[in-house]
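Data block below; observations after.
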Amino acid sequence: METKFKNLSDIQKVFHSEEVCREQLERIRWNGNPACPHCGTASKPYKLKDGKTYKCSDKDCKQKFTVTVGTIFENTKLPLQKWFIAMYLVTSHKKGISSLQLSRDLGITQKAAWFVNHRIREMLRESQPVMLQGTVEIDETYVGGKLSNKHVGERKKQHELKGTLKGRPTGDTKTAVLGLVQRDGKLVQQVMKATTKKDILPLIEKHVKKGSTMHTDEYRTYQQLTKLGYKHETVAHLYNEYFRDGVHTNTIEGAFSLLKRGIIGIFHYVSAKHLNRYCDEFSYRYNTRQQGESERFCNAITGASGKRLKYQQLIGKK
Ligand SMILES: [Zn+2]
């Protein structure tokens, strides 16, 4: 994108009309080579008179499409300008933005804002599994309750819970989340059914390269890491020993703490069903923390392709 922007006011100036928004979207998505989403052919489509619809030139296809087909913006009644502002608000606010606040800021209903928020989260989700290496901190937590990451007393309780919450009944408000973060690298936060080794170890193998050094607390599941081909260092939280030769899990605890403060302070309540989307949103902001606003915004749009998320899908009905 040629124009750089640093704040909401810039966004409104840069994306001052629907045409401009659409052109930017076409540029980011197609880079001058519009591709038919119906047949995938590379033959050049015709642009129709309305300036936004294309017609596929493949003689067996001939279907019409616009740049929003096959993206989170498909069939939206909301102007792209409002989408772009929403995307800016979600990606630049440290803890995100509630659908209530978003509905006020955009002048749309809360239901529409809720849907926009979730579609943006879908856009921010990594399309390929993130692979971490080097030194990787791993920890698990429960979201939805009042557990704090900070106090030793609370940590003790959490350790006790790790042993007792395994087969907890459905309807429990606490949801287990595994966090993995590479030092000076990316963060992955993933909802799990429980915190047994069957839940935790496959996720670690999916996201961390063998041979990496893992820093964890003393939870017994992590004692298996050496067998799986990882180097393993333990932090003894229960004895208040947070630092030992750079062995710590402070980074992942910081990420958990932000996720929890966001959910308590901004979103108030998040159902277990949608928690993974919030994890994606928070991880995205962490993983793009070194990017400028323009760069982060364009990267977010790049993630809009191939992701649709219909309302019925979101609320769990076919
Ligand atoms: Zn086609």
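Throughout, read-outs are computed from the coordinates displayed, never taken from laboratory work. In this text the structure is predicted, and so the values were computed from the model without any measurement. Virtual Cβ from ideal backbone geometry, glycine too; neighbours counted across all protein chains shown.
Residues Thr41, Thr234, ranked from the fewest to the most other C-beta atoms within 10 Å, line up as Thr41, Thr234.
Principal axis extents of the C-alpha atoms in segment 61-142 (largest first, rounded to whole Å): 48, 41, 21. Here the residues Cys39, Cys56, ranked from fewest to most Cβ neighbours within 10 Å of their Cβ, fall in the order Cys39, Cys56.
Roughly how big is segment 18-115's charge dipole about its Cα centre, with Cβ charges of +1 (Lys, Arg) and -1 (Asp, Glu), in debye to the nearest 20?
It comes to approximately 60 debye.
For the pair segment 2-34 / segment 193-226, the C-alpha centres are spaced 42 Å from each other. Between Asp50 and His38, the simple label model (points 7 Å from Cα in the Cβ direction) yields a spacing of 1.4 nm.
Shown is the FRET efficiency for Glu126 and Val20, computed with R0 = 25 Å from the Cβ-Cβ distance and rounded to the nearest 0.05: 0.30.
In terms of distances greater than 26 angstrom between alpha carbons, the cross-link table entries Lys82/Lys111; Lys193/Lys260; Lys95/Lys273; Lys52/Lys77; Lys210/Lys273; Lys47/Lys111 yield Lys210/Lys273; Lys47/Lys111. Pairs of alpha-carbon atoms within less than 8 angstrom and 6+ residues apart define the contacts here; what relative contact order does segment 216-305 have, in percent? In percent, rounded to a whole number, it is 16. Converting phi to 3J(HN,Hα) with the Karplus coefficients 6.51, -1.76 and 1.60 and the offset θ = phi - 60°, segment 99-110 yields 5, 5, 5, 4, 5, 5, 5, 9, x, 10, 6, 5 Hz in sequence order, with x at every glycine or proline.
Each 10 Å bin from zero holds the following percent of Cα-Cα pairs in segment 186-277: 14, 41, 34, 11, 0. When the listed pairs Lys186/Lys231; Lys198/Lys227; Lys174/Lys197; Lys13/Lys49 are checked against a 25 Å cut-off, the alpha-carbon distance exceeds it for Lys13/Lys49. Taking θ as phi - 60° and the Karplus parameters 6.51, -1.76 and 1.60, the scalar couplings of segment 70-83 work out to x, 10, 5, 8, 4, 6, 6, 8, 7, x, 4, 3, 5, 4 Hz in sequence order, x denoting glycine and proline.
The residues Val191, Val208, when put in order of fewest to most other Cβ atoms within 10 Å, stand as Val191, Val208.
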